[in-house]
Amino acid sequence: MKLSMPEMPPGTLLAALGSYNLLPAIVFLPTRRRCDQAASEAALVRRETNDQRREARRELLRTMVEQFPEIRRHRHWDTIIRGGVASHHAGHIPAWKLAIEKLMSAGLLDAIFATATVAAGVDFPARTVVITVADARTGHGWRQLTASELQQMTGRAGRRGRDNVGFVVAAPGVHQDPQRIAELLKARPDPLLSQFRATYTTLLNLLDAYGNFAQVREIAERSFAHREAALEITRLQKVGTESEQRILLKLKEAGCKLTVAAAVGFERLVSARTRLQSSKPQTRAEVLHRWLDEVVQPGRIVGIGRTGRRLVIITEKRGENVRGIREDGRTASFALPRIGRVYSPTFRLTDESIIEAFDEIRTRGKDLVIPEPRLSNAGAEENEALNVINDLMDSILVNSVTGMRGPRRGSPAGVLVPPVNHAQAARATHLPGELGGEEKLRCTQVLWELLDDAENFERSGRLIERLRDEVWEPFEQRARVLATFGYLDYTAEKVTERGRWLADLHVDRPLLVGEALEAGLFNALDFHRLAGVMAALTADGDRDYGEIELEDALVAALAQFEDVGFKVATEEWKLGVEPAPELNFSAAGAAALWASGAEWSALVHETRAEEGDLFRMLSRTGEGLVQIAQLKKAHPEAARIAAVAADAILREPVR
């Protein structure tokens with residue numbers, strides 16, 4: 001239940017906490033901007049009365065500047081020294097966040113305004129944690145905090161060796177929800193999530209190390225990422241084993257020399273017969289409805305009503321609902337059962353063709369009407385299949401015991417199965433033909449009694465295979481994509497020479513990068529353009545790094561990489577792999593400017609991006625370039641240019 005109370009100003013909040021001896025505090029706010037604003041607002045109304053404490057903050061920051069000169073120009077420098085409060089979030093560069101953490105650990109700050117991501121990433125506890133909202137802001141909007149996130153946040157309350165107890169305060173706010181917070185605090189932690197994924201490099205490395213898909217598949221099935229599937233497989237294996245043991249025991253007790261496969265085959269025949277019987281149309285209305293659903297298609301003309309004189313050409317059919325165009329050009333909507341006649345030709349849905357279609361039906365419609373099916377002729381395939389199954393079961397069940405039938409099972413709705421081949425079904429049951437009358441009767445009765453166990457045995461095996469296929473499918477899809485581009489031999493289950501160097505390339509979009517390397521695109525770039533291209537490949541697609549104008553040569557290079565990406569994405573779509581997002585052109589401009597020698601302050605000013613976002617993007621770009629620089633044997637020229645570009649990117653303050 002949200003209270004919708006006004007938010008308490010940051011200075012007022014800290015004053016209230018101070019009056020109850022609840023400082024220092026970590027105040028969690030939903031957005032980076034709100035954290036910065038709150039720190040500035042609080043600093044304006046808070047004046048440090050302890051000169052010694054204020055000078056200690058100044059001295060610690062000066063010490064940090066000797067190692068990280070870039071923090072001296074931070075816009076919150078005076079805020080921290082004057083007010084003893086700070087903001088902490090992913091938008092700040094790591095050096096500045098380290099300085100904040102040192103100040104807090106030294107007891108020189110009264111409050112930190114932070115986003116929820118801080119809770120899981122650092123370790124600077126406070127006496128009090130303040131929760132202002134039960135929601136979190138993401139790049140795609142708002143979402144509720146999870147139990148683990150809130151427990152991480154509240155876990156910062158209480159300093160070891162200094163506080164006997166920590167405090168959690170739910171501060172008033174427009175979107176505050178104390179009931180939701182209370183529920184999350186009592187909830188179990190969220191399940192652990194594995195980071196093991198089916199990726200191109202993971203597959204190549206596993207296949208190269210273990211030599212075949214079977215080993216890779218086993219590793220995938222045993223991974224923590226698929227623990228739920230593994231637990232379910234274990235449960236199903238237990239069900240299958242217990243069912244198998246009961247089948248063998250009952251067959252042995254009855255003196256029947258039959259196998260588990262025979263019991264399963266018999267159960268499959270009974271199930272097939274049940275499904276066929278339930279799917280057979282029993283009335284003329286059922287027959288007609290099934291027929292209409294099959295023959296009424298866009299482009300065909302139908303007659304509406306019992307006489308069928310009103311003609312409509314079908315344009316769309318969705319389940320029971322049909323839409324079309326009448327002879328006078330008006331649209332018509334009606335239910336499938338209202339159709340009285342269907343004409344066989346299929347016409348194009350253009351204005352000219354529609355006019356000609358109606359003329360043709362009016363001229364010789366009697367010859368073009370599709371005859372309605374008769375109940376006596378309906379379900380011919382089902383009848384044929386039923387006869388085959390019944391003959392097979394009679395040969396097993398009757399023979400010497402005339403008229404004997406097994407108990408009728410329930411008839412759940414099922415899918416239509418194709419006609420059963422007598423010889424294949426007989427082989428599936430593995431029933432020996434030399435069984436005598438009394439023995440056959442006894443074994444037949446046992447087989448009917450074992451239907452449930454046989455079904456459980458067969459179903460458990462089928463579900464196990466389905467679960468194993470679901471685990472393996474993303475790996476198999478990527479294996480086929482890699483085989484298409486020559487990075488592995490799918491038939492031989494071997495990594496090719498090209499695949500070996502790609503396996504060592506731990507970058508975003510490895511397949512696109514690999515194809516670009518093979519095409520020689522990297523060789524044609526100078527180092528700062530290569531830095532721009534690599535940034536476009538590695539940066540988050542939804543992150544904006546400003547609107548720096550790109551030079552023509554860089555735009556042309558990015559276009560070439562997009563062409564390669566389109567070729568890769570086309571094959572991925574064909575084989576069921578989700579393609580990577582589009583290139584980030586704004587990141588390319590920022591990285592190219594930085595690689596060209598721009599000052600950090602100038603880069604921040606030009607892009608108007610958060611320093612922390614720029615730092616992470618450039619750091620990932622540099623890591624990608626270092627990876628390519630290691631391909632000295634496979635791609636020496638690209639490796640040389642990448643090494644120069646990496647040096648240009650990984651300079652202070654990017655490390």
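Tell me which residues, restricted to region 58-103, are in contact (Cβ under 8 Å) with a residue 24 or more places away in the chain and not in a helix (DSSP H, G or I). Listed by number, the residues that qualify are Phe68, His76, Gly84, Val85, Ala86, Ser87, His88, His89, Ala90, Gly91, His92, Ile93. Considered as a group, the residues in region 481-504 that are among the aromatic types (Phe, Trp, Tyr) and in contact with a helix residue (DSSP H, G or I) (Cβ under 7 Å, 6 or more places away or on another chain) include one that is surrounded by the most Cβ atoms within 10 Å (Cβ to Cβ), and that residue is Tyr487. Of all the criteria given as (1) within 26 Å of Trp448 (Cα to Cα); (2) of a type outside the set (Val, Ile, Thr); (3) surrounded by fewer than 14 Cβ atoms within 10 Å (Cβ to Cβ); (4) out of contact with any helix residue (DSSP H, G or I) (no Cβ under 7 Å at 6 or more places or on another chain), the one not satisfied by Phe224 is (1). Residues in region 166-192 that are over 16 Å from Ala116 (Cα atoms), surrounded by 12 or more Cβ atoms within 10 Å (Cβ to Cβ) and at pLDDT below 80: Gly173, Val174.
Which members of region 1-50 meet the condition of being touching a Leu at 6+ places or on another chain (Cβ under 7 Å) and charged (D, E, K, R)? The answer is Arg46, and nothing else.
Look through Thr307, Thr274 and report the one residue that is β-branched (Val, Ile, Thr), assigned to a loop (DSSP other than H, G, I, E, B) and either in contact with a Gly (Cβ under 8 Å, 6 or more places away or on another chain) or not assigned by TED's automatic domain parsing to the domain that holds Cys443 (or both).
Thr307
Has region 599-606 got at least one residue that is among the acidic types (Asp, Glu), more than 25 Å from the chain's Cα centre (by Cα), more than 30 Å from Glu476 (Cα to Cα) and at pLDDT 95 or above? Within region 599-606 (the criterion being among the acidic types (Asp, Glu), more than 25 Å from the chain's Cα centre (by Cα), more than 30 Å from Glu476 (Cα to Cα) and at pLDDT 95 or above), the answer is no, since none of the residues qualifies. Checking Glu286, Glu294, Glu244, Glu228 one by one, the residue that is modelled with pLDDT of 90 or more, out of contact with any Asp or Glu (no Cβ under 6 Å at 6 or more places or on another chain) and not in a strand (DSSP E or B) is Glu244 and no other.
Just one of the numbered conditions (1) crowded, with 16+ Cβ neighbours inside 10 Å; (2) in contact (Cβ under 8 Å) with a residue 12 or more places away in the chain; (3) closer than 19 Å to Phe527 by Cα; (4) assigned by TED's automatic domain parsing to the domain that holds Pro510 is not true of Glu610: (3).
Candidates are the residues of region 304-324 that are within 14 Å of Ile354 (Cβ to Cβ) and in contact with a Leu (Cβ under 8 Å, 6 or more places away or on another chain); the one that is surrounded by the most Cβ atoms within 10 Å (Cβ to Cβ) is Ile313.
Restricting the first member to region 540-555 and to residues that are in the same structural domain as Glu610 (by TED's automatic domain parsing) and free of Cβ contacts under 8 Å to residues at least 40 places away in the same chain, and the second to residues that are of a type in the set (D, E, K, R) and in a helix (DSSP H, G or I), the beta-carbon pairs closer than 7 Å and six or more apart or on different chains are Ala553/Arg529; Leu554/Arg529. Quick check: is even one residue across region 448-463 assigned to a loop (DSSP other than H, G, I, E, B), touching a residue at least 60 places away in the same chain (Cβ under 8 Å) and more than 28 Å from the chain's Cα centre (by Cα)? Checked against the condition, which is being assigned to a loop (DSSP other than H, G, I, E, B), touching a residue at least 60 places away in the same chain (Cβ under 8 Å) and more than 28 Å from the chain's Cα centre (by Cα), region 448-463 yields at least one hit.
Of all residues in region 12-45, those that are surrounded by 22 or more Cβ atoms within 10 Å (Cβ to Cβ) and not in a helix (DSSP H, G or I) total 6.
Of all positions in region 558-575, at least one carries a residue that is in a loop (DSSP other than H, G, I, E, B) and either modelled with pLDDT under 95 or under 20 Å from Leu650 (Cα atoms) (or both).
The values are calculated or read from the model by the stated rules, or taken from the named source; none is laboratory data. Owing to the predicted nature of the structure, the values given are computational and were not obtained by experimental measurement. Note that each Cβ is placed from the backbone with ideal geometry, even for glycine, and that neighbours are counted across all protein chains shown.
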